[in-house]
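Engineer: The structure follows.
The values are calculated or read from the model by the stated rules, or taken from the named source; none is laboratory data. What you see is a predicted model, and the numbers here were worked out from it, not measured in a lab. Counting neighbours? That spans all protein chains shown, and the Cβs are built from the backbone with ideal geometry, glycine included. Remember, those area values only see protein heavy atoms, side chains included, never the ligands or the DNA or RNA. Shrake-Rupley method; radii C 1.70, N 1.55, O 1.52, S 1.80 Å.
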Amino acid sequence: MNKIEHIGVAVNSVKLVGDIYQKLLNTPVYKTEEVATEGVLTAFLQSGPNKIELLEATNHDSPIAKFLAKKGEGIHHIAFEVTDIVAEIKRLKAEGFVLLNETPKIGADNKLVCFVHPKSASGVLIELCQEII
Ligand SMILES: CC[C@H](C(=O)O)C(=O)SCCNC(=O)CCNC(=O)[C@H](O)C(C)(C)COP(=O)(O)OP(=O)(O)OC[C@H]1O[C@@H](n2cnc3c(N)ncnc32)[C@H](O)[C@@H]1OP(=O)(O)O
Ligand SMILES: [Co+2]
């Protein structure tokens, strides 16, 4: 595991919350991107080395829709940058962590991603991200 790649924040509207975070961080949203396979519309802001990913549900089956219905807006996950996501999946499985997808899938911002169940990480949803080169 390398650095924290981004903090995911579940929101009702990436437009409305993007405007708030642009003022908060004094930096513009630099990218919005839909990940249809995940049922999410994402918006990214970066302040120094720190990246925030705002996440809006694009359908009722979206994990973000379920999260918002249950918990409302707030921090959704912590994403870590990894060099070799396949090796990390294998290592985490061997360590007994529950992987939500054992094959990397295409995420936002040109990444391969996988997720570790929050129950395996004391209530925190963990995402692993490997840059697609
Ligand atoms: C990939 C695009 C983008 C990127 O960065 O590239 C993204 O980050 S997309 C982010 C959205 N996608 C995902 O979150 C995929 C992984 N998530 C899942 O598979 C589900 O959301 C899952 C399994 C975490 C929860 O789904 P489930 O249907 O089980 O929902 P429940 O409400 O029944 O939850 C069960 C249990 O887990 C707790 N929970 C749910 N979500 C979270 C969370 N984000 N953080 C912490 N805990 C979470 C929930 O409260 C339930 O706990 P319980 O004690 O049983 O009430
Ligand atoms: Co993410």
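Engineer: Taking P63 as meeting all but one of (1) open to solvent by less than 40 Å² (accessible area, probe 1.4 Å); (2) near ligand 1 (Cβ under 10 Å from one of its atoms), write down the number of the exception.
Structural biologist: Of (1) open to solvent by less than 40 Å² (accessible area, probe 1.4 Å); (2) near ligand 1 (Cβ under 10 Å from one of its atoms), only one is false for P63: (1).
Engineer: If you scan the range 7-52, which residues turn out to be basic (K, R) and within 11 Å of ligand 2 (Cβ to nearest atom)?
Structural biologist: K51
Engineer: For the range 109-126, how many residues meet the condition of being within 14 Å of H6 (Cα to Cα) and open to solvent by less than 10 Å² (accessible area, probe 1.4 Å)?
Structural biologist: 2
Engineer: Still on this model: Filter the range 110-133 down to residues that are within 8 Å of ligand 1 (Cβ to nearest atom), assigned to a loop (DSSP other than H, G, I, E, B) and out of contact with any His (no Cβ under 8 Å at 6 or more places or on another chain) and give me whichever is farthest from K71 (Cα to Cα).
Structural biologist: Once the filter is applied, the top-ranked residue is H117.
Engineer: I'd like to know if the range 33-54 contains one or more residues that are at positive phi and either part of a loop (DSSP other than H, G, I, E, B) or open to solvent by 60 Å² or more (accessible area, probe 1.4 Å) (or both). Outline the logic, then answer.
Structural biologist: We begin by selecting, within the range 33-54, every residue at positive phi; these are 39, 48.
Adding the requirement that they be either part of a loop (DSSP other than H, G, I, E, B) or open to solvent by 60 Å² or more (accessible area, probe 1.4 Å) (or both) leaves 39, 48.
The answer is yes, given that some residue of the range 33-54 is at positive phi and either part of a loop (DSSP other than H, G, I, E, B) or open to solvent by 60 Å² or more (accessible area, probe 1.4 Å) (or both).
Engineer: Can you tell me how many residues in the range 79-108 are of a type outside the set (A, V, I, L, M, F, W, C), away from ligand 1 (no atom under 11 Å from the Cβ), surrounded by 13 or more Cβ atoms within 10 Å (Cβ to Cβ) and touching a residue at least 40 places away in the same chain (Cβ under 8 Å)?
Structural biologist: Number of matching residues: 2.
Engineer: Does any residue in the range 25-39 that is under 16 Å from K15 (Cα atoms) come within less than 7 Å, Cβ to Cβ, of a residue that is exposed (fewer than 14 other Cβ atoms within 10 Å of the Cβ) and modelled with pLDDT of 95 or more six or more places away or on a different chain, and which pairs are these?
Structural biologist: Once the first residue is under 16 Å from K15 (Cα atoms) and sits in the range 25-39, its partners that are exposed (fewer than 14 other Cβ atoms within 10 Å of the Cβ) and modelled with pLDDT of 95 or more give L25/S47; T27/S47.
Engineer: Quick one: G48 ticks every box in (1) without any contact (Cβ under 8 Å) to a residue 60 or more places away in the chain; (2) among the small types (G, A, S); (3) near ligand 1 (Cβ under 10 Å from one of its atoms) except a single one, so which number is it?
Structural biologist: Failing condition for G48: (3).
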